[in-house]
1. Which residue is surrounded by the fewest Cβ atoms within 10 Å (Cβ to Cβ), if the candidates are limited to the stretch 29-62 and must be in a helix (DSSP H, G or I) and of a type in the set (Gly, Ala, Ser)?
2. Only one of these is among the basic types (Lys, Arg), surrounded by 12 or more Cβ atoms within 10 Å (Cβ to Cβ) and touching a residue at least 24 places away in the same chain (Cβ under 8 Å): Lys16, Lys10. Name it.
3. Exactly one of these conditions fails for Ile26: (1) under 28 Å from Ser2 (Cα atoms); (2) surrounded by 14 or more Cβ atoms within 10 Å (Cβ to Cβ). Give me its number.
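Only the coordinates and a few stated rules stand behind these numbers; no lab work does. Because the structure is predicted, anything quoted here is derived from the model rather than measured. Quick reminder, even Gly has a Cβ in these numbers, built from the backbone with ideal geometry, and neighbours come from all protein chains shown.
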Amino acid sequence: MSKTQDFESKLENAKKILETLMNPEITLQNSVKAYENGMSELTQAQKILEDAVIKIKEIKSS
């Protein structure tokens, strides 16, 4: 899986988790777990994005 696909899949997973959190019938325990999973996905996506920005800067400075 390429970094782009990985980034996009992490964002898609985060969107699905957000939909889960918006369900009024979700329990507190499940909402906390979903929130943690969503934040993990977003943190990993942010890291992929930061790495891409660094590579672009390196290419531009070459």
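1. Ser61
2. Lys10
3. (1)
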